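One structure is given below, encoded as structure tokens.
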Amino acid sequence: MERNEILKHVNEIFRDVLDNEDIILTETTTADDVEEWDSLTHIQIIVAVEKYFNIRFTSTEILSWKNIGELINSIADRNVA
Amino acid sequence: MVVNSFSFLLFFAILFALYYFAFNERTKLQNWLLLIASYVFYAFASIKAIPILAVSTIVTYYLGLRIAKYNDSNPRAASMLTTIGVCLGIGLLLYFKYLNFFISSFASFFNSVGLQCNAHNFNILLPIGISFFTFKLMSYLIEVHRRKMDATTDFVAFATFVAFFPTILSGPIDRPDKFIPQLKAKRTFDYNLAKAGFNQIVWGMFLKMCIADKLAVYNDSVLNSYSFFGGSSALFALLLYPLQMYADFAGYSDMAIGVGKLLGFKIALNFDYPFFARNIAEYWRKWHISLTSWLTDYVFIPLNIHFRNWGNWGVAISIVVTMTLIGFWHGANWTFGLFGLYHGLLFLPLVFGGVMLKRRKLKLNSWNLPEVRYLPAMLLTYVFVAIGLVLFRSDTLAEALCIFESLFGGQFGFSWCGNVIPILLLILLFHDLHKAFNFCPRISKLPFPIISSFLLLLILFLSNTSTGDFIYFHF
């Protein structure tokens, strides 16, 4: 799957979990840019992303992400179809 | 040497003059000066603990450099060094703060099951502020390992971050990725920042000397002799205690942040009007923010990630563990642990009721104060907090239970009511007006010398002749 396509799906997951249709993610978006994105909803998003792409992240990589681009790197590294 | 004392004023005046006149814009010299001043300040508080502070700083600095070096080339070694560094920090806390507690708890347990065991307590020095500076050391290593910041090669800046005198005794717990870059930047006198800092110091002094110290006289008398006073007086003191705690601790935090601003630093926020919280989750987002955010980042989130497929149960376990640790952080006593557990359990209805995930914005009125409709929820939260503080204040569980019992017995009527009423009026003013003062355009237009002079006059006329200890110095 191309990065743009992954970003599109991740954006949909964010809108769904955070219940906000106005969210527009870019690769540089961080938790500071999305009001509803806090330590609790972060975990909800991760669970939803793992379920959608049928993948499993390690704790170390989840804790190391600085922005959406790094989350997409982790998804792309797993060659999701 | 406390911040609201004459000796500190003299100490700070000398430092301030050297900092901005002799060493202005010379960052390295300013940092050296801050480092020396911080160690002198710490020596006044706990001179025997200086080697512990110095050695733990040196070890952490070198571990940080090694972790950064191995992060890419040998991730396993980097993880191992981070674990060693974090274990050293936890080990320092366990040894200096909790060893005697563990020994006496084990001895009590063995005696209770019929095995004779004599506890021998060690005479261990408790370095003041150890709970604050070890947390700084550990967060530095974790942040470097997580690649959220580069390891600093400037030892003086690093040591100054750890020992920074306004915050070493009682916080706020600054984060290395926010504070170390400030130590590396050029610092000249900033009038607006200094003005805000001066205002904040005066405000902190007012909270401590006019509110906390006054309330302490009443609360200590009643709660230390609860069996004599009992009934409504004990209940009244119990309801006042959160305000005393707030005025004491937020007062110190304001003074520390203000002193930091006078030196050109932005220090982490520690309180955000906690009594406007509508539930316990909001309360902990507003109370001792630098500690709760530390434990959220390094305990709650990793636990929650680990239990992420357990749904609400995973969140509940992570919160209860984190809150119990927050309780024990305050001291080596089961009552502190129970205080944390009690708060953790208060989160459960919010977790299982879905309130945690749906944050409701606090709507403000034209004075920038919360709308009246939130009052019942805010009062209920306040009462829950007050109940928890009985555990916090008691030395034993039996004492806490006696205080609760005394609430429902004894004489009726308020003792020393006359002394407390003016303080209550001040409280009503200080908590609500401060928010309005900060955000309401009508009030914030007043020139700052008028507001500060008014507060200074209040301090002069209302403060006790002797200043009480800060409650959080004991942690």
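Oblate is the label for the stretch B:6-189, because the ratio a/c of its alpha-carbon gyration tensor axes (a ≥ b ≥ c) is 1.5 or higher and a/b is not greater than b/c.
Pairing chains A and B buries close to 1700 square angstrom of accessible surface in total, based on protein heavy atoms and a 1.4 angstrom probe. Solvent-accessible area of A:E70, all protein chains in place: 50 Å² (probe radius 1.4 Å, heavy atoms, ligands and nucleic acids excluded). Shape verdict for the stretch B:266-315, please, from the Cα gyration tensor: rounded (a/c under 1.5), prolate (a/b greater than b/c) or oblate. Here the stretch B:266-315 falls in the oblate category. Between B:W313 and B:R360, the contour length at 0.36 nm per residue exceeds the Cα-Cα span by 14.7 nm. Listed by chain and number, the lysines whose alpha-carbon sits under 30 Å from that of B:K69, ignoring those within fewer than 8 places in the same chain, are A:K66, B:K28, B:K136, B:K148, B:K178, B:K184, B:K186, B:K266.
Could you tell me whether chain A comes out rounded, prolate or oblate from its Cα gyration tensor? Rule is a ≥ b ≥ c as square roots of the eigenvalues, rounded for a/c under 1.5, then prolate if a/b exceeds b/c, otherwise oblate. Judged from the Cα gyration tensor, chain A comes out rounded (a/c under 1.5).
Net charge within 12 Å of B:N199 by Cβ-Cβ distance, Lys/Arg positive one each and Asp/Glu negative one each, not counting B:N199 itself?
Neighbour charge sum, excluding B:N199 itself: +1.
Phi angles of the stretch B:356-368 translate, via the Karplus equation with coefficients 6.51, -1.76, 1.60 and θ = phi - 60°, into HN-Hα couplings of 4, 7, 10, 6, 9, 5, 7, 7, 10, 8, 5, 8, 6 Hz per residue; Gly and Pro are given as x. Positive contributions from Lys and Arg (+1) and negative ones from Asp and Glu (-1), summed over other residues with Cβ under 15 Å from the Cβ of B:W334, come out at 0.
Here the 3J(HN,Hα) profile of the stretch B:277-285, calculated from phi with Karplus coefficients 6.51, -1.76 and 1.60 at θ = phi - 60°, is 6, 9, 7, 5, 5, 5, 4, 6, 7 Hz, Gly and Pro shown as x.
Using heavy atoms of the protein chains and a probe of 1.4 Å, the accessible area assigned to B:W32 is about 130 Å².
A 1.4 Å probe run over the protein chains yields, for the protein assembly as shown, 47 Å² of accessible area per residue, whole-number rounding. With the convex hull drawn over the C-alpha atoms of the protein assembly as shown, the volume per residue is 184 Å³. Can you give me the relative contact order of the stretch A:3-77 as a percent, contacts being Cα pairs under 8 Å and 6 or more apart? Relative contact order for the stretch A:3-77 comes out at 40 percent. Legend: mean number of C-beta atoms from other chains within 10 angstrom of residue C-beta atoms, peptide A:45-52, equals 1. Take the Cα of A:I24, step 7 Å toward its Cβ, do the same at B:L375, and the gap between the two points is 4.4 nm. Of the residues B:W334, A:W65, B:W329, ranked by 1.4 Å probe accessible area with the largest first, the sequence reads B:W334, A:W65, B:W329.
Of the solvent-accessible surface of the stretch B:54-152, computed with a 1.4 Å probe over protein heavy atoms with every protein chain present, carbon and sulfur atoms account for 64 percent.
Within the stretch B:276-305, the residues that become at least 10 Å² less accessible when every protein chain is included than when their own chain is isolated (1.4 Å probe; DNA, RNA and ligands ignored) are B:T296, B:F300, B:I301, B:P302, B:N304, B:I305. Here the simple spin-label model places points 7 Å from the Cα toward Cβ, and for A:N4 and B:E405 these points are separated by 7.5 nm. For the stretch B:17-168, relative contact order (Cα pairs under 8 Å, six or more residues apart, normalised by length) works out to 37 percent. Rg and Dmax over the alpha-carbon atoms of the stretch B:232-373 stand at 16.9, 49 Å.
With Rh defined as the Kirkwood radius, the inverse of the mean 1/r over Cα pairs, the Rg/Rh of the stretch B:154-267 is 1.16. On the basis of the beta-carbon distance and an R0 of 56 Å, A:R15 and B:C117 show a calculated FRET efficiency of 0.40.
For the stretch B:9-51 versus the stretch B:361-403, the spacing of their alpha-carbon centroids is 39 Å. In plain terms, the chain from B:L18 to B:D72 could stretch by 15.2 nm, reckoned as 0.36 nm per residue minus the Cα-Cα distance.
The values are calculated or read from the model by the stated rules, or taken from the named source; none is laboratory data. Note that the structure is a prediction, hence the values are computed from the model and not measured. Note that we place each Cβ from the backbone using ideal geometry, even for glycine, and neighbour counts take in every protein chain shown. Ligands, DNA and RNA are excluded from the accessible area calculation, which covers all protein heavy atoms including side chains. Shrake-Rupley method; radii C 1.70, N 1.55, O 1.52, S 1.80 Å.
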